[in-house]
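Scroll down for the structure; my scribbles are underneath it.
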Amino acid sequence: MNPLLQLKNVRKDIGKKTIIHDLSLEVFPGEVFGFLGPNGAGKTTTIRMIVGLMGITSGDVLINGISIQKDFEKAIQHVGAIVENPEMYKFLTGYQNLLHYARMTKGVTKERIDEVVKLVGLEKRIHDKVKTYSLGMRQRLGLAQALLHRPSLLILDEPTNGLDPAGIREIRDYLRKLAKEEGLGIIVSSHLLSEMEMMCDRFAIIQHGRLVGIESVQELSKQAQKVLLTVKPVEQALTVIKNIYPHMNITSAKQGIEVSIDYEEIPSLNAALVSENIKVYGIQVLTKSLEERFLEMTGGNEIA
Amino acid sequence: MPSILSLIQNENMKIYRRIGTWFMIALLALSTLAGALITKATHKEPKNWKAEVASEIKEMEAQLSEEKVPKMYKNHLEQQLKINEYRLEHNIKPVASNTFWGYLVSSADIIALITLFTIIVAAGSVANEFSWGTIKLLLIRSASRTKILLSKYIAALLFALCMLLLLFVFSSVVGAIVFGIENIREPYLAYQNGTVVEKSMLLHVMQVYALNCVDLVMMTTFAFMISAVFRNHSLAVGLATFALFAGPQITTLLAMKFDWAKYLLFANTDLTQYIDGTPLVEGMTMPFSMMMLLIYFVIFNALTWFIFRKRDIAA
Ligand SMILES: Nc1ncnc2c1ncn2[C@@H]1O[C@H](COP(=O)(O)OP(=O)(O)OP(=O)(O)O)[C@@H](O)[C@H]1O
Ligand SMILES: [Mg+2]
């Protein structure tokens with residue numbers, strides 16, 4: 001499959017400072033790609049370069065194989081985006097705002113505008129002036145303008161900012177549907193890690209303008225992890241485990257025994273316990289949350 | 001890729017959906033009305049216009065007989081003299097400010113107000129997008145920055161044109177009501193190829209309007225440039241307005257001492273100096289001024305375009 005979006009050694013210098021260091025990544029059709037990083041990591045800057053708002057110091061961004069630097073008008077055609085807050089013309093109504101963006105792309109009909117309005121759930125307020133909108137409503141209008149021209153690449157910088165839980169859920173389900181059913185590639189940047197975990201297929205974590213890692217959700221759940229064993233009798237089980245894995249970090253908690261063990265070794269541990277006549281009531285894999293992983297990779301709460 | 005027409009349509013929507021724009025139009029209407037009422041109240045009808053014209057002629061003849069009259073000024077005097085003689089001969093009263101045509105000609109002064117409004121609109125159309133943050137969503141469509149900028153510039157000039165038409169309509173209506181239209185057939189006397197000819201007054205009014213628009217176009221372009229460079233509405237409006245009102249005075253002062261003042265923008269914006277006046281600096285001609293205006297125009301626009309096209313949008 002050809003990537004929808006390719007970043008090739010993208011670098012951004014502002015003044016003497018390098019804000020993005022040779023960033024390379026690819027986003028494919030049909031996936032929701034999370035873009036994570038602490039405050040000031042360079043997420044917004046990267047997005048600005050992807051959509052041509054900022055010049056690229058070196059490297060290139062290809063959308064559908066077309067360079068944003070060489071053929072902006074053609075490359076940007078299939079991109080819908082929200083960059084930071086979705087600022088709209090406040091003295092216009094929501095509908096007039098959409099009309100404004102509809103006129104900027106060939107082939108966006110009135111029916112399409114109505115369709116998108118319905119989709120983001122703004123039917124009731126669309127003919128009100130935007131200055132009377134709440135943050136969440138503006139966020140929805142922002143999403144509407146990004147979807148208007150049926151883009152194949154959707155770039156959303158913190159789209160859930162300001163949305164209520166129901167709204168977040170709605171948007172999340174909708175984005176997943178767009179990716180799965182219509183094959184859009186979607187990039188989402190956010191700070192809400194648990195949100196991202198539910199929404200995304202893959203993540204890039206960046207820090208200080210550098211790529212720290214790219215992972216998929218499946219990989220995340222397979223990494224070195226803790227396993228919670230509910231067994232009886234506990235004392236006997238501990239001896240058995242210590243015999244097999246003398247160096248293992250074992251903690252006995254109220255719910256059972258917590259061991260750090262590779263995913264692949266769980267069955268053999270189970271077999272050993274059973275052969276010693278220990279009753280195994282449960283084996284629970286405690287996957288590392290994205291949050292833990294994020295903090296591990298970025299070294300805590302450090303701002304660039 | 002959107003057509004330039006739909007982009008202009010967008011800009012128009014952003015201009016006319018704002019309450020401020022309608023406030024400007026109301027102010028324009030009010031100014032024409034106030035202008036007419038003040039003229040009516042303060043105008044003093046001469047007892048005998050023929051005697052006044054005759055005494056004017058005497059004065060001009062006296063001036064012409066003096067030794068060191070500059071050549072340009074001398075030409076101007078001679079023309080006025082001929083026109084005045086023609087008036088007496090054919091019994092054509094000079095156009096008084098309290099007549100329909102007289103008022104229409106003087107309504108051209110209100111173009112300064114339109115210039116101010118257009119400066120505000122033009123500067124706002126670029127700078128406001130930055131301060132509102134809407135520039136981001138505007139520039140991530142398949143329309144080049146050049147096209148967007150052009151649509152904004154055209155929309156600002158269309159706004160000016162619209163205001164000029166409104167001014168003409170307002171003053172015609174107000175003029176007709178306040179001063180009546182008895183003298184509507186009055187001709188305009190012009191001096192052409194050595195003879196005095198009678199011309200259409202309407203054409204004359206249009207010419208006066210057109211000449212007054214030089215400032216309008218140049219200052220709008222200037223404000224547009226400042227707002228693209230500094231992305232600041234107040235700064236652009238302030239600078240352009242200051243230049244508009246103080247520029248001519250400063251230039252006149254400089255022109256008394258220095259010849260190079262003729263290369264300044266404001267030495268060239270008043271084209272009436274070649275029609276019924278004397279040039280600011282001796283040796284200046286209409287083609288020279290046209291050339292200078294063109295040069296400034298191109299520089300302003302090129303700078304605007306160059307900066308807007310390259311700039312990183314960090315708003
Ligand atoms: N115009 C600019 N001039 C200088 N430095 C800038 C400029 N814009 C951004 N930066 C710097 O670039 C870095 C990345 O900023 P960016 O806005 O991309 O971060 P971010 O990952 O989006 O952060 P957040 O999570 O807070 O939105 C920051 O250190 C910021 O200070
Ligand atoms: Mg950001």
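The values are calculated or read from the model by the stated rules, or taken from the named source; none is laboratory data. It should be emphasised that the depicted structure is a prediction, and the values quoted were computed from it without experimental measurement. Backbone-built Cβ (ideal geometry, glycine too); neighbour counts: all protein chains shown. SASA here: full protein model, heavy atoms, side chains in, ligands and nucleic acids out. Shrake-Rupley method; radii C 1.70, N 1.55, O 1.52, S 1.80 Å.
Values computed for the structure shown
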{"read-out": "Meets criteria (in contact with a helix residue (DSSP H, G or I) (Cβ under 6 Å, 6 or more places away or on another chain), without any contact (Cβ under 8 Å) to a residue 24 or more places away in the chain and of a type in the set (Val, Ile, Thr)) for A:Ile66", "value": "yes"}
{"read-out": "Qualifying positions in the stretch A:181-190 - within 14 Å of ligand 2 (Cβ to nearest atom) and either within 14 Å of chain B (Cβ to nearest Cβ) or without any contact (Cβ under 8 Å) to a residue 40 or more places away in the chain (or both)", "value": "A:Ile187"}
{"read-out": "Odd one out for A:Gly40 among (1) touching a Gly at 6+ places or on another chain (Cβ under 7 Å); (2) more than 11 Å from chain B (Cβ to nearest Cβ); (3) within 15 Å of ligand 1 (Cβ to nearest atom)", "value": "(1)"}
{"read-out": "Residue within the stretch B:172-182 that is modelled with pLDDT of 90 or more and under 24 Å from A:Met54 (Cβ atoms) present", "value": "no"}
{"read-out": "Qualifying residue in the stretch B:93-100 (condition: within 24 Å of B:Leu211 (Cα to Cα) and in contact with a Leu (Cβ under 8 Å, 6 or more places away or on another chain))", "value": "no"}
{"read-out": "Wholly within the stretch A:214-304, helices (runs of 4 or more DSSP H) carrying at least 2 residues that are at pLDDT 85 or above and not assigned by TED's automatic domain parsing to the domain that holds A:His21", "value": "A:234-244, A:266-275"}
{"read-out": "Test for B:Gly35: is it touching an Asp or Glu at 6+ places or on another chain (Cβ under 9 Å) and closer than 30 Å to B:Leu161 by Cβ", "value": "yes"}
{"read-out": "Top-ranked residue in the stretch A:189-210 [being assigned to a strand (DSSP E or B) and within 13 Å of ligand 1 (Cβ to nearest atom); ranked as nearest to A:Glu292 (Cα to Cα)]", "value": "A:Ile205"}
{"read-out": "Among the candidates B:Leu265, B:Leu235, B:Leu254, B:Leu211, residue that is within 30 Å of B:Arg309 (Cβ to Cβ) and open to solvent by 30 Å² or more (accessible area, probe 1.4 Å)", "value": "B:Leu235"}
{"read-out": "Test result for B:Pro46, at negative phi, more than 14 Å from every other protein chain (Cβ to nearest Cβ), within 27 Å of the chain's Cα centre (by Cα) and modelled with pLDDT under 90", "value": "no"}
{"read-out": "Flag if B:Asp270 is among the acidic types (Asp, Glu) and surrounded by 14 or more Cβ atoms within 10 Å (Cβ to Cβ)", "value": "yes"}
{"read-out": "Conditions (1) within 14 Å of chain B (Cβ to nearest Cβ); (2) more than 30 Å from A:Arg172 (Cβ to Cβ); (3) in contact with a strand residue (DSSP E or B) (Cβ under 8 Å, 6 or more places away or on another chain): number failed by A:Val51", "value": "(2)"}
{"read-out": "Residue in the stretch B:154-164 that is within 14 Å of chain A (Cβ to nearest Cβ) and either without any contact (Cβ under 8 Å) to a residue 24 or more places away in the chain or on the phi < 0 side of the Ramachandran plot (or both) present", "value": "yes"}
{"read-out": "Filtered residues of the stretch A:49-58 (kept if open to solvent by 10 Å² or more (accessible area, probe 1.4 Å) and within 16 Å of ligand 1 (Cβ to nearest atom))", "value": "A:Gly52, A:Met54, A:Gly55, A:Ile56, A:Thr57"}
{"read-out": "Helices (runs of 4 or more DSSP H) enclosed by the stretch A:14-119 - at least 3 residues per element that are closer than 27 Å to B:Phe130 by Cβ and away from ligand 2 (no atom under 16 Å from the Cβ)", "value": "A:72-76, A:94-102"}
{"read-out": "Filter result for the condition that a residue is among the small types (Gly, Ala, Ser), open to solvent by less than 10 Å² (accessible area, probe 1.4 Å) and within 22 Å of A:Val83 (Cβ to Cβ), over B:Ala127, B:Ala108", "value": "B:Ala127"}
{"read-out": "Residues of the stretch A:120-132 classified as away from chain B (no Cβ under 14 Å) and within 26 Å of B:Ala143 (Cα to Cα), total", "value": "2"}
{"read-out": "Of residues in the stretch A:103-112 being of a type outside the set (D, E, K, R) and facing another protein chain (nearest Cβ under 9 Å), the one surrounded by the fewest Cβ atoms within 10 Å (Cβ to Cβ)", "value": "A:Thr105"}
{"read-out": "Exclusive hit being under 21 Å from the mean Cα position of the chain (by Cα), within 16 Å of ligand 1 (Cβ to nearest atom) and either open to solvent by less than 10 Å² (accessible area, probe 1.4 Å) or closer than 16 Å to A:Pro3 by Cα (or both), set A:Ile63, A:Ile82", "value": "A:Ile82"}
{"read-out": "Test: residue in the stretch A:6-14 that is in contact with a His (Cβ under 8 Å, 6 or more places away or on another chain) and within 29 Å of B:Phe308 (Cβ to Cβ)", "value": "yes"}
{"read-out": "Members of the stretch A:20-33 that are within 13 Å of ligand 1 (Cβ to nearest atom) and either away from chain B (no Cβ under 14 Å) or within 17 Å of the chain's Cα centre (by Cα) (or both)", "value": "A:His21, A:Leu23"}
{"read-out": "Verdict on A:Leu178 being touching a residue at least 40 places away in the same chain (Cβ under 8 Å), crowded, with 16+ Cβ neighbours inside 10 Å and either part of a helix (DSSP H, G or I) or within 16 Å of ligand 1 (Cβ to nearest atom) (or both)", "value": "no"}
{"read-out": "Criterion: in contact (Cβ under 8 Å) with a residue 40 or more places away in the chain and assigned to a helix (DSSP H, G or I) - qualifying residue of B:Ser142, B:Ser125", "value": "B:Ser125"}
{"read-out": "Evaluation of B:Ile57 against (1) aliphatic (A, V, I, L, M); (2) out of contact with any helix residue (DSSP H, G or I) (no Cβ under 9 Å at 6 or more places or on another chain); (3) farther than 19 Å from B:Ile275 by Cα (one fails), failing number", "value": "(2)"}
{"read-out": "Residues satisfying the stated conditions in the stretch A:142-159, i.e. part of a strand (DSSP E or B) and of a type in the set (Ser, Thr, Tyr)", "value": "none"}
{"read-out": "Options A:Leu99, A:Leu163, A:Leu92, A:Leu135; residue that is in contact with a helix residue (DSSP H, G or I) (Cβ under 8 Å, 6 or more places away or on another chain) and more than 10 Å from chain B (Cβ to nearest Cβ)", "value": "A:Leu163"}
